[in-house]
Amino acid sequence: MTNDNRLPSADVEAEARDGIIDSNDEAEAMEVELEAEAEAELDVEAEIEAEEEMEAGGRAQSPRSTRRIRNRMAAARMRTRQKQHLEDLEQRKTELEQRAAELEEELREAQSRNNPLTQSIENLTSMIDELTSVENTMLTGIDECKSLLLNLERLLRDRNITRNILN
């Protein structure tokens, strides 16, 4: 087995840390991957041995024949790895699609919880605007009352002065 198996394992470990899959899924995935690769290698080796026996027919194999057999074995292992990698990618795609669907559902739920709050904020903002308008009207009225009181005080003072003068 080559070092290529470390990369999917590292990806699986990273996914486990990110919460995409758990460690049990990782172990199962690695086990399935190892079993599939071992079966493929056994099948290829058995096929190559059968070919060797037929080709050899009691004579020594040429270096060219040996190289051809090794190349076939390597190609078969590569096909197995590619097939497993494709299956892993498809599984990852499915998991990510499921996660995306879950996140979309969470978003819809959050938005549905948020809509009443947004409406409440708009209502409160409207009430604050209305109260601010009433407050401004009241302040204007208070200022007018103060002005009227000052004028009234002046008039009373002028009247008292006029009375005092006449008396």
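Tabulated data for the structure shown
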item	result
Test: residue in region 100-121 that is under 33 Å from the mean Cα position of the chain (by Cα), closer than 30 Å to residue 31 by Cβ, open to solvent by 70 Å² or more (accessible area, probe 1.4 Å) and without any contact (Cβ under 8 Å) to a residue 24 or more places away in the chain	yes
Evaluation of residue 79 against (1) at pLDDT below 90; (2) under 28 Å from residue 28 (Cα atoms); (3) open to solvent by 90 Å² or more (accessible area, probe 1.4 Å) (one fails), failing number	(1)
Leading residue by the ranking (nearest to the chain's Cα centre (by Cα)) among those in region 136-167 that are charged (D, E, K, R) and open to solvent by 100 Å² or more (accessible area, probe 1.4 Å)	144
Qualifying positions in region 85-97 - free of Cβ contacts under 8 Å to residues at least 40 places away in the same chain and under 25 Å from residue 35 (Cβ atoms)	86, 87, 89, 90, 93, 94
Residue among 25, 18 that alone is out of contact with any Ser or Thr (no Cβ under 7 Å at 6 or more places or on another chain), charged (D, E, K, R), open to solvent by less than 80 Å² (accessible area, probe 1.4 Å) and at pLDDT below 85	25
Residues within region 50-73 that are modelled with pLDDT under 80, at negative phi and open to solvent by 60 Å² or more (accessible area, probe 1.4 Å), tallied	6
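The values are calculated or read from the model by the stated rules, or taken from the named source; none is laboratory data. Bear in mind the structure is a predicted one, so any value in this text is a computation, not a measurement. Here the Cβ is made from the backbone with ideal geometry for all residues, glycine too, and neighbour counts use every protein chain on show. To get the accessible areas, we keep the full protein, side chains included, count just its heavy atoms, and leave off ligands, DNA and RNA. Shrake-Rupley method; radii C 1.70, N 1.55, O 1.52, S 1.80 Å.
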